[in-house]
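Let me begin by presenting the structure, written as structure tokens, before commenting on it.
The values are calculated or read from the model by the stated rules, or taken from the named source; none is laboratory data. Computed from a prediction, not measured in an experiment: that's the story for all the values here. Heads up, the Cβs are rebuilt from the backbone with ideal geometry, glycines too, and the neighbour counts pull from every protein chain shown.
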Amino acid sequence: MRAEDHDLASEIAGIVGQEHVLRDADLCASYETDWTRRYTGASRFVVRPGSTGEVAAVMRACERAGAAVVPQGGNTGLVGGSVPRRGEVVLSLRRLAAVEAVDDAGGEVTAGAGVTLAVLQEHAREAGWAFGVDLASRDSATVGGMIATNAGGIRMMRYGPMRAQVLGIEAVRADGSVIRRMPGLRKDNTGYDLPGLLCGSEGTLAVVTGARLRLVPALPSRAVALLAVPDARTALALAARIRAATPAVEAQEVFFAEGIELVCRHTGLSLPFARAYPAYLLVECAAQTDPLPALAEAIDSASGVLDSAVASDRRLREELWQYRERHTEAISAEGVPHKLDVAVPLGAYAGFERRVREAIVSAAPGARPVLFGHIGDGNLHVNVLGLEPADERASNAVLRLVAELGGSISAEHGVGVAKIPWLHLTRSPEDIVAMAAIKRALDPRGILNPGVILPMEPLSARG
């Protein structure tokens with residue numbers, strides 16, 4: 001370790017405690033590689049503060065030293081935005097794990113940035129409430145990381161993304177000053193929406209340390225249907241029909257033969273039906289009263305359903321969800337995937353599914369596309385196997401097709417470092433200039449997650 005790094009680490013150890021400054025390479029390793037294993041780098045060291053005050057003191061020390069900082073939550077990101085790239089200090093927020101009592105009058109709760117989604121969900125459930133965002137990575141994804149990426153997840157079509165859940169925020173700027181807007185108000189028009197600005201900012205504007213979150217009523221009755229269909233076009237039409245038939249729809253997921261084959265191969269699950277089918281639609285409905293009759297009626301009256309399984313029992317519902325939620329695990333068991341989380345207008349969804357497969361194999365012969373996604377909101381997770389980590393041929397083809405169709409190159413996981421070369425496809429030059437101006441205003445020295453969302457800017461350009 002360089003002398004200046006040793007001095008900074010020693011100063012920070014005086015703030016957070018020696019045991020919460022990790023310098024050993026083996027101890028730092030899990031903080032230095034992202035979930036996909038495509039993005040990795042060496043940190044100066046890893047810091048694990050235990051309070052907002054400690055985060056503020058650490059940031060002041062880093063700013064004085066000119067040391068760049070990468071804020072990190074559960075490190076479940078897929079675009080390289082939560083790991084070091086050029087010897088930054090990794091600021092792990094997992095110790096900020098306090099959850100306050102639920103405010104029953106407002107249906108709100110205050111949680112630290114390090115609280116995992118699973119803990120938050122259980123805390124809300126015990127108080128008779130629910131949290132509107134749900135992800136397959138619930139056991140490791142944290143509140144801070146979900147805010148930083150404006151996570152959407154499987155219930156976004158009903159409750160919106162993370163930005164819709166955030167009522168207030170606590171965050172530390174690069175200079176150590178603390179922004180605290182936690183009034184718990186549903187209506188507050190006093191100036192700029194700072195919580196909304198920090199949602200989706202990927203740790204580039206401030207370090208989120210806590211948030212006041214909106215809860216939703218717990219819905220006691222649920223039903224899940226897994227439907228085999230011939231293609232994405234049929235799945236899209238069926239999903240629309242079910243949404244029109246019942247307002248209780250909470251999730252609509254699509255996946256395909258290649259994905260379910262991998263899930264069964266790597267997890268020990270058996271095919272849900274007697275044979276494999278080209279495509280599958282998974283639907284969950286939730287309401288105060290049993291949603292199963294309306295869901296079953298919509299399915300029975302629809303055309304194109306080749307086979308079906310319906311469950312209202314919790315264990316059986318969870319078994320059906322396994323076929324969707326274990327896709328990511330199964331894909332990664334095949335190798336290091338290129339993961340392209342994109343969105344297109346619903347009207348273009350079915351055509352995109354077909355065209356994106358063609359685009360991938362045309363651009364990178366031998367590549368294997370595995371697709372699944374949230375068909376209710378236009379989000380498709382495009383996974384590409386069989387390519388070297390640095391091979392961007394498929395990424396270029398996919399993201400250019402997305403732009404051609406009027407979509408977004410990132411629906412959920414952010415831009416990170418992975419998608420910077422294609423940001424101009426769906427954001428105008430004026431958009432990018434405005435974003436850079438906001439970055440300079442809140443982080444004048446450019447020490448917060450440099451090179452994420454926007455290209456790295458030399459310090460000399462900042463004056």
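For Ile360, the requirement of being buried (at least 21 other Cβ atoms within 10 Å of the Cβ), farther than 30 Å from Gly203 by Cα and in contact (Cβ under 8 Å) with a residue 12 or more places away in the chain is met. Restricting Ser410, Ser395 to those that are touching a residue at least 24 places away in the same chain (Cβ under 8 Å), part of a helix (DSSP H, G or I), within 21 Å of the chain's Cα centre (by Cα) and under 28 Å from His381 (Cβ atoms) reduces the list to Ser395.
Per-residue answers, yes or no, for (1) surrounded by fewer than 14 Cβ atoms within 10 Å (Cβ to Cβ); (2) β-branched (Val, Ile, Thr); (3) more than 21 Å from Pro84 (Cα to Cα):
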position: Ile409; (1), (2), (3): no, yes, yes
position: Gly414; (1), (2), (3): no, no, no
position: Ile420; (1), (2), (3): no, yes, no
position: His424; (1), (2), (3): yes, no, yes
position: Ser428; (1), (2), (3): yes, no, yes
position: Ala437; (1), (2), (3): yes, no, yes
position: Asp443; (1), (2), (3): no, no, no
position: Asn449; (1), (2), (3): no, no, no
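Among Ile169, Ile147, which is the only one that is over 29 Å from Leu281 (Cα atoms), modelled with pLDDT of 95 or more and in contact with a Lys or Arg (Cβ under 9 Å, 6 or more places away or on another chain)? After applying the criteria, what remains is Ile169. Looking only at residues in segment 1-20 that are at pLDDT 95 or above and acidic (Asp, Glu), which one is nearest to Ala68 (Cα to Cα)? Only one residue fits best here, namely Glu11. The single condition among (1) in contact with a Cys (Cβ under 7 Å, 6 or more places away or on another chain); (2) surrounded by fewer than 21 Cβ atoms within 10 Å (Cβ to Cβ) that Thr33 does not meet is (1). Here Val433 passes the criteria (1) part of a helix (DSSP H, G or I); (2) surrounded by fewer than 23 Cβ atoms within 10 Å (Cβ to Cβ); (3) in contact (Cβ under 8 Å) with a residue 40 or more places away in the chain except the one numbered (3). Does segment 354-365 contain any residue that is part of a strand (DSSP E or B) and in contact with a helix residue (DSSP H, G or I) (Cβ under 8 Å, 6 or more places away or on another chain)? No: zero hits. Of all the criteria given as (1) more than 26 Å from Ala411 (Cβ to Cβ); (2) touching a residue at least 60 places away in the same chain (Cβ under 8 Å); (3) in the same structural domain as Ser10 (by TED's automatic domain parsing), the one not satisfied by Gln72 is (1). Counting only helices (runs of 4 or more DSSP H) wholly contained in segment 45-149, the ones carrying 2 or more residues that are more than 16 Å from the chain's Cα centre (by Cα), surrounded by fewer than 19 Cβ atoms within 10 Å (Cβ to Cβ) and acidic (Asp, Glu) occupy 117-126.
Of all residues in segment 250-266, those that are loosely packed, with under 15 Cβ neighbours inside 10 Å and polar (S, T, N, Q) total 0.
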